[in-house]
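Peer 1: The structure follows.
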Amino acid sequence: ETGVTQTPRHLVMGMTNKKSLKCEQHLGHNAMYWYKQSAKKPLELMFVYSLEERVENNSVPSRFSPECPNSSHLFLHLHTLQPEDSALYLCASSQDPVVMNTEAFFGQGTRLTVV
Amino acid sequence: SQQGEEDPQALSIQEGENATMNCSYKTSINNLQWYRQNSGRGLVHLILIRSNEREKHSGRLRVTLDTSKKSSSLLITAFRAADTASYFCATAGAGSYQLTFGKGTKLSVIP
């Protein structure tokens with residue numbers, strides 16, 4: 001256990017559905033991240049929150065909408081996804097933004113399949 | 001943009017031998033980190049080396065960093081079957097909140 005919990009672990013959704021991924025960290029960290037991992041591609045950073053403020057948004061389509069209600073919770077709201085959005089979605093947290101020489105702790109991921 | 005690039009993409013090792021993976025990157029960094037991932041699961045942090053450090057050890061792991069060549073290596077000594085996983089390097093650049101990952105090296109045991 002890394003102290004970062006993601007739910008659900010697996011999700012199958014249709015292209016017209018709306019769903020949300022949840023991430024919770026019990027480590028008292030100040031920064032949280034969403035990454036996407038597709039087959040045969042490097043991990044792609046999607047969003048970064050530092051002290052509950054979004055500080056980075058890497059040209060992610062608007063069908064992905066993050067929310068950080070407090071420093072312990074991070075959501076990724078999904079709507080009208082495409083089959084190519086099927087991937088492993090990983091949440092991570094760090095004490096400070098990683099540029100400040102801190103490691104990231106990852107959750108187990110949500111395996112998303114869009115049908 | 002992709003930063004870290006691991007080499008080789010796949011490596012098979014006999015138990016007891018040493019396994020070495022390399023990582024190259026393109027731009028200046030604050031630190032470089034190595035992570036391990038078991039199939040389809042989350043990443044686990046192994047070791048962090050800062051840009052002003054040249055070598056770091058943690059148990060059976062040894063990491064080197066050469067900022068002049070923009071490269072790093074991860075050595076796992078006395079390989080065990082339980083070390084089977086994918087290994088990723090990730091870089092944190094100055095002025096950025098990003099950890100940028102490579103595609104990883106898939107390490108497996110020769111039966």
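Peer 1: Sort out which residues of segment A:19-41 are within 17 Å of A:Leu112 (Cα to Cα), assigned to a loop (DSSP other than H, G, I, E, B) and not hydrophobic (A, V, I, L, M, F, W, C), and write them in order of number.
Peer 2: Across segment A:19-41, the qualifying residues are A:Ser38, A:Lys40, A:Lys41.
Peer 1: Scan segment B:38-79 for residues that are touching a residue at least 60 places away in the same chain (Cβ under 8 Å) and closer than 16 Å to B:Phe101 by Cβ and report the count.
Peer 2: Count: 0.
Peer 1: Hey, another quick one. Collect the residues in segment B:37-95 that are in contact with a helix residue (DSSP H, G or I) (Cβ under 9 Å, 6 or more places away or on another chain), more than 10 Å from every other protein chain (Cβ to nearest Cβ) and surrounded by 20 or more Cβ atoms within 10 Å (Cβ to Cβ), keeping them in residue-number order.
Peer 2: Residue satisfying the conditions is B:Ile76 alone.
To keep it simple, each residue is scored yes or no on (1) closer than 14 Å to B:Phe101 by Cβ; (2) of a type in the set (Val, Ile, Thr); (3) in contact with a strand residue (DSSP E or B) (Cβ under 9 Å, 6 or more places away or on another chain).
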residue: A:Lys18; (1), (2), (3): no, no, yes
residue: A:His29; (1), (2), (3): no, no, yes
residue: A:Met32; (1), (2), (3): no, no, yes
residue: A:Glu53; (1), (2), (3): no, no, yes
residue: A:Ser65; (1), (2), (3): no, no, yes
residue: A:His77; (1), (2), (3): no, no, yes
residue: A:Thr80; (1), (2), (3): no, yes, yes
residue: A:Leu90; (1), (2), (3): yes, no, yes
residue: A:Val115; (1), (2), (3): no, yes, yes
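Peer 1: Is it the case that B:Thr105 is within 14 Å of chain A (Cβ to nearest Cβ), touching a residue at least 40 places away in the same chain (Cβ under 8 Å) and among the hydroxyl-bearing types (Ser, Thr, Tyr)?
Peer 2: yes
Peer 1: When residues of segment A:74-92 are filtered for being over 10 Å from the mean Cα position of the chain (by Cα) and surrounded by 16 or more Cβ atoms within 10 Å (Cβ to Cβ), how many remain?
Peer 2: Of the residues in that region, 5 qualify.
Peer 1: Taking interchain pairs and intrachain pairs at least six residues apart, which have beta carbon atoms under 9 angstrom, with the first residue in segment A:47-75 and among the basic types (Lys, Arg) and the second assigned to a strand (DSSP E or B)?
Peer 2: A:Arg54/A:Phe47; A:Arg54/A:Val48; A:Arg54/A:Pro66; A:Arg54/A:Cys68; A:Arg63/A:Leu78; A:Arg63/A:His79
Peer 1: Name the residue that is farthest from the other protein chains (Cβ to nearest Cβ), counting only residues in segment A:68-104 that are part of a strand (DSSP E or B) and among the polar types (S, T, N, Q).
Peer 2: So the residue we want is A:Asn70.
Peer 1: Residues that are closer than 20 Å to A:Lys36 by Cα, at least 3 per element: which strands (runs of 3 or more DSSP E) completely within chain B meet that?
Peer 2: B:31-37, B:43-50, B:85-92, B:99-101
Laboratory data are not the source of any read-out in this text; all were calculated from the coordinates shown. Everything numeric in this text was worked out from a predicted model, so none of it was measured. Using ideal geometry, Cβ is built from the backbone for each residue, glycine included, and neighbour counts are taken over all protein chains shown.
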